[in-house]
Each structure stands twice: as structure tokens, then as C-alpha cells.
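S.K.: There's a structure below that I have some questions on.
The values are calculated or read from the model by the stated rules, or taken from the named source; none is laboratory data. Just so it is clear, the model here is predicted, and its values are computed rather than measured. Please note: Cβ atoms are built from the backbone with ideal geometry, for glycine as well, and neighbour counts cover all protein chains shown.
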Amino acid sequence: MKVSDVLLDGFGLENGLNPRKTVRHYLKYKWFFISGVLISVMLAVLYLVYTTPQYQISSKVVIRDREKGVDFSDNPLMQELDNFRSSKIIENEIEVFKSVQLMKSVIEDLDILVSVYSKNSIGKKVEYFKDNSPLLVNWANREWRYELKDDEYNIKVIDREKFRLTVGGETKDYKFGSLISGHFGDFSVKLNNTVSVDSLDSKDFSIYFHSSEALARNYSQGLNVEPTNKQSSVLQISTLDNIPERGVAIIDDLIKKYNSQTEEEKNNSANTAVSFLSKQLDALAMEIDSIENSIERLKSQNQVSDIGTEARLYLEGSNENRNQISNYRTQIQVVESIQGLLRNNANDDTRTIPSAMTLNDAALVSAIESYNSLQRDKERLLRDVQPTSPLVVSINDRIASQKASINENLNNLKSSLQIAVRNLEANSSRYEGRSSRIPQIERELQEITRLRLTKLEQFQYLNKKNEEAQMSLTATSNSFLRIIDTAKASYGPVKPNRIIIMMFAVIMGFGIPFMYVFVKNLFNNKIEGKSEAENLTKLPVIAEISINEFDENMVFSKNIKSPVAEQFRLLRANIFALNDERSEGVILVTSTVAGEGKTFCSLNLGASLNLIGKRVVVLEFDLRKPSLLKSLKMPKENEGIIEYLTGECTDLGKVIKKHPNQENFWYIGAGKLVSNPAEVMSLPKLRTMIEELKGQFDYVIIDSSPVGMVPDAFSLSKYADVTLYVLKSNYTTSEHLGFLSNYGVKEKLKNPVLVLNGVNVVNGYGYGYDYAPAIN
């Protein structure tokens, strides 16, 4: 099902949209629509008159956010001097702007905790702001003692010197400027010097005192802070205020407070860093001094100044000692070798001594050379003289003397060499001892030196940061926020929007009646028109009977001109057409449930036939709840249909009664009620009765029971030529017609057609004109 089908259900949607019927359905409620629109527009006008207009105040700022490519402190020097000015995250700064504490500081700074109002000629409240106010309130001593249910201070200006104050039901006169003890602390009221008492539009004023916390919450909730787009760090700060000057002051001061608090936060961070770094530097200086003292003590105790140099010197001294010891020992060996030769030469004085050039004793070397020279001279003499020759003896003496001198020199030299060796060995032991301690000293010194270097690096790093923090405190750059547009108020009020309010009023004025009509029809399952009945039953509606405006059940009267009578005449003509223009027949009248007007239709159809000279009899065959006689205002008969069918009355003429006011109109009552009317109608005399009546009358009209409640009409249908199935507008439901269509009822009835009763002429159904002949 389409949405349009649902929306237009009951508004002329039969086999497609019928705009004329849809409009006609709505036109039934035209005054409801007109009234709704008028009332809504009037309420909107009153709302616009008495609603305080709101102005939009907005400003644009850029927040430094490196993630979005915005950093307007690009000067490297300023970056170095301002390391404590960190980049901001837009989302966080939005929350900072909307914080209650920041707004509270703004409100207290602007001193807007007191509101002054007056009323104009139409009773609308007018608020003043600071110097524009006729009354200047100084709330110096603010004490929030308790809150009143009615915290309004009413002031009536008496003259330029006095005023009357009313609060909490108490009234008292005060002088302007005098101190007043109120529920929220002490305050004073002064009259603005620029205002004349006689020029005041109203001398009655109202004063309200606000809690800074509560007022800050209200302003924070009304503050709108949002980026202009997702990639930008530009924030638009806006708010609504009925006083543009106040809104501008609030946003400007809000931006100022944000900057100052952020700068203060940066300075606090830098001060904390400076204090911390100074303490750390002092502690490091003491540690470094202690380490340097340890190095000094280590070098002093070990008598070293430079470990590398000392180690090299020790190594060189040790090597030199070893070389000298080796040299001295070589010389000792030479001395011992010469001594051995001298001992071996004791028996042979002719043998020379090898040269002792390796010895460092020049006298010894010279003595050996002299000894060898005497030996060579002796050898030459022995060739010419005898060994006993005085020359030889003289040379031998000289050789012996030289040999003794050599032995003495050798012994002295050997002793001195041995002493030197011992001294060198002792020195070598000292060098080796000192050299063996060098690695340990070096390791200890390296550990202390490494610790010293680490502390020095820490000291240098912290000292650098300390200098940066100190310079950051003196840096004057303000790179957190840059104002693009200062706070400005809109040229005119943005709330209430007059065009939108009026449009909304018109829409609501039209929409509420529309929804009422729509809902009413949405849940209304009752049949209203001819087309609905025909669509649901697939049966023709041969007549639409309007609501009877008179109390009489018989609409045909010489004194009454009724359009309903014309509608029954149309029904009569349509029946003739259905009955193949025959001048007689049996007409069964039934309905789904009681109350749909089948008895009313039976009587007036009979009356319309009577008008053209047809003999008509109407049978009260609703044997359970008969109402025909009551509608005719006739007394109940003791004998009727039941008595004739059961055989209690054998003469049909006795139960046929003539209407006193209708010439050819007869009727038969139901008789006394029985508990088994269905069985009574199954008796064979029913056919006999119908046949006799057909012989006596032109038309036999049977007013039967509703088929939706009892099956009596089905027993009578076989005797009928036409079945009139009566529906009632706004009474018969679609479920009732569903019974007619879904349970084979149409097939059980003889030539069924529909009659729509109770149609509202005013609403467009039936015949809204009078076509009856004029009566003189």
C-alpha cells in the first residue's frame, strides 16, 4: 500500500485519487481550519510582541594547533624562548571556552550579577545594562544567605531622593545611595545622574540578584563554540543575548580571560620548572664537587697526576734498569773472565790478556794494554837473550807489578758493578710495584671520572633548560590565540524569527485541524458515501436517503415539503427499473444490524408507491424485535403474522390492517412474540400467505430481521423479487459490509441492491435542493 493511500484513506480515494471528493471532505471542516489558522496567527503575534528579542554575538579566533598546520610563532628565536607554550588540541580548547569556571570569572569581572527590569506600556519586560539603566545597583557585600521563592526586589521611584522597596511582602522607603541589607548581602541603589525622574517611561522597576555560579552555568550552556570546518583550527564563538552590548562584552572578556589564564598556566609551568631545575642544579653542583674531591684525594694518595704519563715513565724506567743490569752483569762476566785468564797465566807469563774494551773502566783497559805490551816486549827479548837475562827479569818484574794492579782494578770494578746491579734491581722492584698498581688506580679513576662526566652532562642539560625556562618567563609573545574577528552583534534580532514563527503558526493552524480530521477518519471505519459502499460490496446504491429533519417516520405529508420524500420517489423509480417496469412485486427490506433504518425505508417506500395508486402492504417480519407498528404509531395487535403461520388465525384478512391516513396502504403486525421465530417462518403457510398477498396487493414489502444477526431474511428471500439492503451513513461499518461480501450473503439474497440511509445533506451527500411542488 502506498503512503498516499494511507493519507487519503476516507478522503475520496476510490479506484484512484478523486481530488474533488478529497477537497470536499476537507471543506466540511472549513471553519475549523479557518479558526485554527486565525488562533495560531494571533498566538504567534502575541508571542512576537511579548518575547524579548535575542541578538547573535559572534567572534572568530585561531587556536594554535600544529596537528592542523597552525603555529603562528614560527620565529625560531621565539620558539626557543617559548618552549613552555605547547600546541593546543581544538576539541580540548572548546571545552575550556565552555567551562563554567572561565565564564564565572568573566561574569564577576564584568560585574553583571544584578539585573534591572521595568515594564513598558503593554506590560512587556525591558532589561537594562549597566550605565544604560536608570537605577545603578552597587552589590559590594555579596552574601548568598538563602534563596527566596520570590527573589524579586520591586522598586518604585518616588522622587530624585527616595524610592520605595518591596520584597517578600514588606515595603519600606529608602534614600538613594543608602546601604540596604538584603537576603543576598548588602547593596545600595543610586539614580543615574543622566536620567530625569519625570522622563522615565515607568517608575516601577524590578531587581534580581544572581549567583555567579548559576549565572555562569546559564551563559556557558548558551555559548556555542565550534570549528568552522573539520580541517581548520578557526573557532567561531557565539551566543545569544537580548542586550547586544552585554553579549559583546562577555565574548571579548571571555577571549581575554582565556588568553590570560593560558599565559598564567604557561608561566606557572615555567616557574615550577625553574624552581625544580634550580634545586636539581644545586644538588648536582654539590655532587660534582664531591666527585672532584674524590679524584684529588685519589691522585694525592697515589702520588700521581697523570696515570698515562706515570705508567709510561714507570715502564721506561723499568726497561732502562733491566738494560743497565744486563750491561753490568755482562761487564762482571768480562771481569771474571779476565780474572780467570790471569789465574791461568800464573804459570805462563807469556800469555796476553784479551782486550777489555767492553769495560767502562778506562784505567783498567789501559793497564791491560800495558800488560799485553810488556808481554810482547818479553817475547821479543826471549828470542835474543836468555830468560835469566837482567832485561828479562826487569820485564818480568814489571809484568808481575802490572798484573797485580790489574787484579786489584778488576776486583774493585767487580765490586762496584755488583753494587750497581743490586741498586738497579731494587729500583726495578719499586717500578714494578708501582706499575702493578696502575691498573687499579686507573680503574678507580675512570669510574670516578665517568660519574663526573655524567653529572656534568646532567648539569649542563638542566642548566640549559633552566635558562630556557627563565627566558620563557620574559618572552612577551602571545601565540596561543589570534583574534580574526572581534565580537560583533547582529544588525537585527535573530530570535524570535518572525517569518519562521508566522509560517509555523500558519502551518500549525492548518496542520492541527488536518491531523484531527485525518486521525478522525483514520480510525473511522464507518461508511459515509455511496462510492465506499459500492466499492466494498460491488452492489449498486439505487438511492441515498438524507437524514430526516422531522420527527415523523412518514415523510410524505401534504403539510411537509421534504427532500427525503423526493429521494424515496427516486428509490421507487429505480425499483420499477429493477422490476422490469412491472406494476407489482415482492420487496424484501433488510440490513446488517439493527438501527440502520430498514423499517423507516419500508414504510416510506410503501407510502411512495401508495401515492401513485398502488395497493401496498407492509409486513412486520422482524419477529424478534418488531418495530413497524411502533413507527406507524399503531397499537399492538393480538393477531398477526405469527398467529397466521402457526394456524391460530386461519383468516388472513383478520391480520391485515389499513393505515388510517393512507388510502391504499395496509400493514400486518408480527403478533405475539414466540421463542422460535425461525421455525415459524419455515412453516408451509408462509408461501400461502405470500401468494395470497400478491393476489390482493400490487406490492408486498417485507420488513425483515437484520441478516448480520439472525438468518430470518434468508428464509424470506426466495419469495422476493428485489432485496433492498439498507445501510446507514456514519453508522454502518466496513466490517458490516464485509459480512455482506465475504460470507455468501449476496448469493443468498434475491436481486440485492443497496439503499444508503442517513446521508448528511450539508456535507454534500444526497440532494440538497427542494424540488417538491409549491403548495399554495
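S.K.: For region 380-400, give me the residue count where each residue is farther than 17 Å from L341 by Cβ and surrounded by 12 or more Cβ atoms within 10 Å (Cβ to Cβ).
M.R.: Pass one, region 380-400, residues farther than 17 Å from L341 by Cβ: 380-398.
With surrounded by 12 or more Cβ atoms within 10 Å (Cβ to Cβ) added as a condition, the list becomes 381-382, 385, 389, 391-392, 394-396, 398.
Total satisfying the criteria: 10.
S.K.: May I ask you to list pairs of residues, at least six apart or on different chains, whose Cβ atoms are under 7 Å apart, with the first in region 595-610 being assigned to a helix (DSSP H, G or I) and the second being crowded, with 24+ Cβ neighbours inside 10 Å and among the charged types (D, E, K, R)?
M.R.: Matching pairs, first to second residue: K598/D703; T599/D703; S602/D703.
S.K.: Could you please let me know if L623 is buried (at least 23 other Cβ atoms within 10 Å of the Cβ) and more than 20 Å from V755 (Cβ to Cβ)? Before the answer, list the steps.
M.R.: On the way: buried (at least 23 other Cβ atoms within 10 Å of the Cβ): yes; more than 20 Å from V755 (Cβ to Cβ): yes.
Against the criterion (buried (at least 23 other Cβ atoms within 10 Å of the Cβ) and more than 20 Å from V755 (Cβ to Cβ)), L623 qualifies.
S.K.: While we're looking at this one, here's another question. Report the residue count in region 1-55 for those that are in a loop (DSSP other than H, G, I, E, B) and either modelled with pLDDT of 85 or more or under 30 Å from S121 (Cβ atoms) (or both).
M.R.: 3
S.K.: Now for a different question. With I250, I243 as the choices, which residue is at pLDDT 90 or above, closer than 21 Å to R217 by Cα, touching an Asp or Glu at 6+ places or on another chain (Cβ under 8 Å) and assigned by TED's automatic domain parsing to the domain that holds Y128?
M.R.: I250
S.K.: Could you count how many residues in region 148-189 are surrounded by 15 or more Cβ atoms within 10 Å (Cβ to Cβ), among the aliphatic types (A, V, I, L, M) and touching a Gly at 6+ places or on another chain (Cβ under 8 Å)?
M.R.: The number of residues fulfilling the criteria is 2.
Table: residues versus (1) touching a Ser or Thr at 6+ places or on another chain (Cβ under 6 Å); (2) not hydroxyl-bearing (S, T, Y).
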position: L223; (1), (2): yes, yes
position: N229; (1), (2): no, yes
position: S232; (1), (2): no, no
position: I237; (1), (2): yes, yes
position: N242; (1), (2): yes, yes
position: V248; (1), (2): no, yes
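S.K.: Moving on to the next point. Taking the conditions exactly as written (out of contact with any Cys (no Cβ under 7 Å at 6 or more places or on another chain), at pLDDT 80 or above and farther than 15 Å from S202 by Cβ), does L136 satisfy them or not?
M.R.: yes
S.K.: Okay, next question. Given the options V555, V589, V517, V541, name the one that is assigned by TED's automatic domain parsing to the domain that holds D622 and either within 30 Å of E245 (Cα to Cα) or at pLDDT below 85 (or both).
M.R.: V555
S.K.: Let me ask something else. What is the one condition in (1) outside any helix (DSSP H, G or I); (2) modelled with pLDDT of 70 or more that T476 does not satisfy?
M.R.: Status for T476: all satisfied but (2).
S.K.: Next up: Restricting to region 199-218, name every residue that is at pLDDT 85 or above, closer than 17 Å to I250 by Cα and polar (S, T, N, Q).
M.R.: N218
S.K.: Can I ask one more? May I ask you to list the residues in region 478-528 that are among the small types (G, A, S) and under 27 Å from K257 (Cα atoms)?
M.R.: Residues satisfying the conditions are S479, A487, A489, S490.
S.K.: How many residues does region 485-496 hold that are surrounded by fewer than 13 Cβ atoms within 10 Å (Cβ to Cβ) and part of a loop (DSSP other than H, G, I, E, B)?
M.R.: 2
S.K.: Name the single residue, out of those in region 27-44 being of a type in the set (V, I, T) and touching a residue at least 12 places away in the same chain (Cβ under 8 Å), that is surrounded by the most Cβ atoms within 10 Å (Cβ to Cβ).
M.R.: Only one residue fits best here, namely V37.
S.K.: For region 632-717, list the helices (runs of 4 or more DSSP H) that sit wholly inside it and hold at least 3 residues that are loosely packed, with under 14 Cβ neighbours inside 10 Å; which are they?
M.R.: 685-696
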